[in-house]
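The values are calculated or read from the model by the stated rules, or taken from the named source; none is laboratory data. Values in this document were obtained by computation on a predicted structure and should not be read as measured data. FYI the Cβ positions are ideal-geometry reconstructions off the backbone, even for glycines, and counts take in every protein chain you see. Heavy atoms of the whole protein, side chains included, go into the accessibility calculation; ligands, DNA and RNA do not. Shrake-Rupley method; radii C 1.70, N 1.55, O 1.52, S 1.80 Å.
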Amino acid sequence: MKTILIAEFKQETNTFIAGHTTLEDFMARNLLVGDEILPYFQGNKNEIGAFISVLSKRDDILIIPSVAANALPGPIVKRNVYDYVRALLLEDIQKAEALDGILLSFHGAMVVEGIEDPEGSLLEDIRYIVGDTIPICISMDFHANITKKMAENSTLMFPFRRYPHIDMYESGVCAAEAMLGILDGKIQPVMRTKKLHILCPLITSDEEPYIDFLNAATAFEEDNDVISVSVSAGFPYADISAGGMCVIVQTNGNPAKAEQIAKTLTNMIDEAKHQLQLNIIPPAQAVEIAIAQEGTTVLADVVDNPGAGSPGDATEILHELIRQGAQNAIFATMYDPQVAEQAAKAGPGATIQVSLGGKSDPRVGPSVIANAYVKSVSDGIFPNKEVMSHGVLNHLGTTAVMVIDGVTVIVASNRYQPWDPEVFRANGIEPTETSIIVLKSSIHYRAAFGKFATTMIAVNAPNVWTLDLQDLGIKNCRRPIYPLDKE
Ligand SMILES: [Zn+2]
């Protein structure tokens, strides 16, 4: 019998957003310990779901579920959260008898009060306890800011390859299978990481130039010695010294090959860095194009993405839709617990005067003052039905569908990044039959909405921060780095 401890500790930190991510924020998504973990994640198409699925197929593996802590992306994480999760995890590792391996699901771009590299620090602590021989395999986000401490204190790392992150489950499967390969003596793990002096903006992996990097990585993987080749984009909005892209090459007992592939791929990315560009346009122009288009146009409020830590109540695109008289338009989601509650009290069929959105900060735009018809009210719980995090439940809190002029707005009590059309269908709206869909999402929406949208436009609306790396005010990242220091 072999014993593998599994754990999750995930949050993506945007250090340019004021405030803190608290223990309550983790509890709102998931903060589970011990025996609560397996039943909760079993069958889920995410990393922990993959760990459970792969490991439980084997009779000779005992799973020790330790802690599963995950919060919506947001501002810097409170120190007490880190101390709490760290204590639980280290205690479980210490008290486990004859531990054979540790499988972790990390994001890789978390920042904690006073700790720039919490995942690296935690790995260092784990390594100190278990020694050098116990394998530690990790699934990570595409946006992980890979650090020296992470690389030195883990055995193998598997960041998602795709943005939209449609391969969370696959990353978990790769990490779990690699762990079994090591324990079975079939894999002699070798990992080489190479940091690039490049900050990558929030761009999709499905188009050039990123798709070229991934195709090259896949071609290298055809070699039997190669376990995996990954290109982690990094998350430049977590301002730490180790920001930036990173190539990770993992082989079965072949350090020279790992070194050589990492070098070749790093050179290729460096040569293409000038193509790593955001293509975003202002709200007025975007709405004008959407109204003129045939079919369904998606307008993505790429800056007000709660999935990157944004407030989720920016109003400029909604103002613009009303101003330009857009019809058959739907909007997901406006974070406004007060208005959701007001609508719930009035009930479906009522028309109420609302002051909607624009409450978190003056920079997200003024509230929309309007008469709104309350179409329906719900508890905001629904599962993802598309490939990304399939089966995982969303909790939007009290949710109201309201119609303001020609725009149907889903008003939620929790911040939420819509990437699954089920956010509309669960609320009685069929998105394929609409003309304009506004989504507060940077890239993830493309996977599911791209299947039926005629046009998808990234909109640059005002917010508390900017996607523009030059104007962001990056202070901590090591220099020189592209595009802050152009070469
Ligand atoms: Zn990500």
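Select from the stretch 281-314 the residues that are β-branched (V, I, T) and in contact with an Asp or Glu (Cβ under 9 Å, 6 or more places away or on another chain) and write down the one among them that is surrounded by the most Cβ atoms within 10 Å (Cβ to Cβ). Among those that are β-branched (V, I, T) and in contact with an Asp or Glu (Cβ under 9 Å, 6 or more places away or on another chain), it is V287. Of the strands (runs of 3 or more DSSP E) lying entirely inside the stretch 325-391, those containing at least 1 residues that are closer than 24 Å to E288 by Cα span 329-335, 351-356, 368-378. Each residue in the stretch 178-205 was checked for being more than 30 Å from D239 (Cβ to Cβ) and either in the same structural domain as V392 (by TED's automatic domain parsing) or not in a loop (DSSP other than H, G, I, E, B) (or both), and 8 pass. Out of E119, E208, E124, one residue alone is of a type in the set (D, E, K, R), within 16 Å of the ligand (Cβ to nearest atom) and assigned by TED's automatic domain parsing to the domain that holds D239. It is E119. Condition check: assigned to a loop (DSSP other than H, G, I, E, B) and touching a Gly at 6+ places or on another chain (Cβ under 6 Å). Does G428 satisfy that? In short, no. Taking strands (runs of 3 or more DSSP E) as the structural unit, those lying wholly within the stretch 2-85 and holding at least 2 residues that are within 16 Å of the ligand (Cβ to nearest atom) correspond to 2-10. Among the residues making up the stretch 255-307, those that are out of contact with any Leu (no Cβ under 6 Å at 6 or more places or on another chain) and among the small types (G, A, S) are A256, A258, A262, A272, A284, A292, G295, G307. Only one of G244, G295 is over 30 Å from T454 (Cβ atoms) and touching a strand residue (DSSP E or B) at 6+ places or on another chain (Cβ under 8 Å); which? One residue alone meets the criteria, G244.
Among the residues of the stretch 336-383, those that are open to solvent by 20 Å² or more (accessible area, probe 1.4 Å) and among the β-branched types (V, I, T) comprise T351, I352, I369, V377, I381. Pairing residues of the stretch 434-460 that are among the β-branched types (V, I, T) with residues that are open to solvent by 30 Å² or more (accessible area, probe 1.4 Å), at Cβ distances under 6 Å and at least 6 apart in sequence or on separate chains, gives T434/N328; T454/G295; T455/Q293.
Out of A176, A144, A96, one residue alone is in contact (Cβ under 8 Å) with a residue 40 or more places away in the chain and under 19 Å from I187 (Cα atoms). It is A176. Tell me which residues, restricted to the stretch 130-177, are part of a strand (DSSP E or B), of a type outside the set (F, W, Y) and either more than 11 Å from the ligand (Cβ to nearest atom) or open to solvent by 30 Å² or more (accessible area, probe 1.4 Å) (or both). Residues satisfying the conditions are I136, C137, I138, S139, L156, M157. For the stretch 47-82, a residue qualifies if it is closer than 26 Å to P311 by Cα and open to solvent by 40 Å² or more (accessible area, probe 1.4 Å), and the qualifying residues are I76, K78, R79, N80. Checking the stretch 214-231 against the condition returns a match, with at least one residue being within 16 Å of the ligand (Cβ to nearest atom), farther than 18 Å from H107 by Cα and in the same structural domain as K149 (by TED's automatic domain parsing).
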